[in-house]
Amino acid sequence: MAAGMSTRMRSARNKVLHEVCGKGILAWVLDACREAGIEEQTVIVGAMRDQVIDAFSGAGDITWVVQEPQQGTAHAVMAAEESLSDFEGDLVVIVGDAPLVRSETIRTLLDTHRAEGAAVTLLTAILDDPKWFGRILRDSRGSVQGIIEVKEATPEQLEIREVNPSYYAYHWPALRDVLPRISNHNAKGEYYLTDAVGLLIEAGKTAVAVPAAEPEECEAVNSREDLARVTAIMRQRINRRHMAAGVTIADPASTYIEHDVEIGEDTVIGPCTVIRGPARLGRNCRVGPMAHLRPGTVLEDGAEVGAFVETKNAHLGAEVIVRHLSYLGDCDVGPRANVGCGTITANSDGRQTYHTDVGADARLGAGTVLVAPTSVGDKAQTGAGSVVSKRHPVPPGETYAGVPARPLNRDDQNSGEDAE
């Protein structure tokens, strides 16, 4: 369900398209469903729907349903009824603004639902602060009796800590039968999907509630503050996954790694580092502190990218060293090359970007400017402050210096120049 107005986001962009660690909110939810084995997805859209549909134009497993006007969660399912006319199986209903839901949680929901032969199964969570979530009502034997929304709850019911984060599995024929009986006679004037639970119980159907959701999975995004909080939690998940796979992250609290970044074992990430995907880092690399790796970055095994280095669409070969204050964009740097402090690729003329090639074992002196498109050959060197352009590429094995860079006389070459 992704039809809400998103008014608290104060954005011209639908809230489910805002990104969490490099992936849109709705994309997180849909991917979790796919990973749980759900092959067909129906997405309910309303406000700013064209944006959402356009963002997923390449997804062949999505059926789009428009809810207009938006009159509650049960009304959203009612809007999808025609698209489900040939469906007779189990239906998972989930909100589209909760990107922290895990595929394992959705699998637990479905597995429990099928094992119990239930008409409806809820995944619930136990929260220290239940906030605005609907409360789970149980009888003295622990059996589910229904869900009460906060605006309808008594003071005693508001003390209940087991809540409904809106993850449901319904047997669709059973839900379809009770949908016409759901009314909007409530404080919000909306059709609540939670009312279907009580109606199914009244009809003698089996209802199951399993407190299997982690508290963080209840976090939905309705404001910029929510977005920041959810992003922080997702970032912790991503960092923990990399550390469990053998990556050292010196300060996880200040390290930002997006979801589509691959990192090999024994790589060390220094503090205050940002790695945006897609990107791939090999084994035994060292990155940071205070490095910024942008999309398209590839570091082969043993490469080093140090403080205040930025890369973008850059392929750095094995054991390349770029230790400080450099920008490498749209380039290939060969194995064992040494890139001196302050070196940059001037890769754009304001209209388009151009490529730079640096060969294996090359040494770029401090402050070298590579004006793309250009190249520095294998085992070539540049002097400090050199400007290498398309008209003056550096051939393999040669030493160039100056503005523009020109070949040095053999007597003037300083083979001991320190590129670091």
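The number of residues in the stretch 40-55 that are modelled with pLDDT of 90 or more, outside any strand (DSSP E or B) and either surrounded by 18 or more Cβ atoms within 10 Å (Cβ to Cβ) or of a type outside the set (A, V, I, L, M, F, W, C) (or both) comes to 6. Number of residues in the stretch 199-250 that are in contact (Cβ under 8 Å) with a residue 24 or more places away in the chain, surrounded by 14 or more Cβ atoms within 10 Å (Cβ to Cβ) and not in a helix (DSSP H, G or I): the value is 15.
In the condition set (1) closer than 21 Å to Gly288 by Cα; (2) buried (at least 19 other Cβ atoms within 10 Å of the Cβ); (3) touching a Cys at 6+ places or on another chain (Cβ under 6 Å), Leu325 is compliant with all but (2).
Among the residues examined, Gly277 qualifies as buried (at least 18 other Cβ atoms within 10 Å of the Cβ), part of a loop (DSSP other than H, G, I, E, B) and at pLDDT 95 or above. Looking for something open to solvent by less than 10 Å² (accessible area, probe 1.4 Å) and either assigned to a loop (DSSP other than H, G, I, E, B) or at pLDDT 95 or above (or both) - is there at least one such residue anywhere in the stretch 387-396? Yes, the stretch 387-396 has at least one match.
With respect to Ala115, is the statement that it is in contact with a strand residue (DSSP E or B) (Cβ under 7 Å, 6 or more places away or on another chain), among the small types (Gly, Ala, Ser) and either modelled with pLDDT of 95 or more or surrounded by fewer than 18 Cβ atoms within 10 Å (Cβ to Cβ) (or both) true? Reasoning before the result, please.
Values: in contact with a strand residue (DSSP E or B) (Cβ under 7 Å, 6 or more places away or on another chain): no; among the small types (Gly, Ala, Ser): yes; either modelled with pLDDT of 95 or more or surrounded by fewer than 18 Cβ atoms within 10 Å (Cβ to Cβ) (or both): yes.
In short, no.
Set side by side, the residues Asp111, Asp129 differ, and just one is assigned to a loop (DSSP other than H, G, I, E, B), within 30 Å of the chain's Cα centre (by Cα) and without any contact (Cβ under 8 Å) to a residue 12 or more places away in the chain, which is Asp129.
Are any residues in the stretch 172-192 among the aliphatic types (A, V, I, L, M) and either within 14 Å of Thr73 (Cα to Cα) or part of a helix (DSSP H, G or I) (or both), and if so, which ones? Give the steps one after another, and end with the answer.
Filtering the stretch 172-192 down to residues among the aliphatic types (A, V, I, L, M) leaves 174-175, 178-179, 182, 187.
Selection gives Ala174, Leu175, Val178, Leu179, Ile182.
The values are calculated or read from the model by the stated rules, or taken from the named source; none is laboratory data. Given the structure is predicted, the values throughout are model-derived calculations rather than measurements. Ideal geometry is used to build each Cβ from the backbone, glycine not excepted, and the neighbour counts take in all protein chains shown. Ligands, DNA and RNA are excluded from the accessible area calculation, which covers all protein heavy atoms including side chains. Shrake-Rupley method; radii C 1.70, N 1.55, O 1.52, S 1.80 Å.
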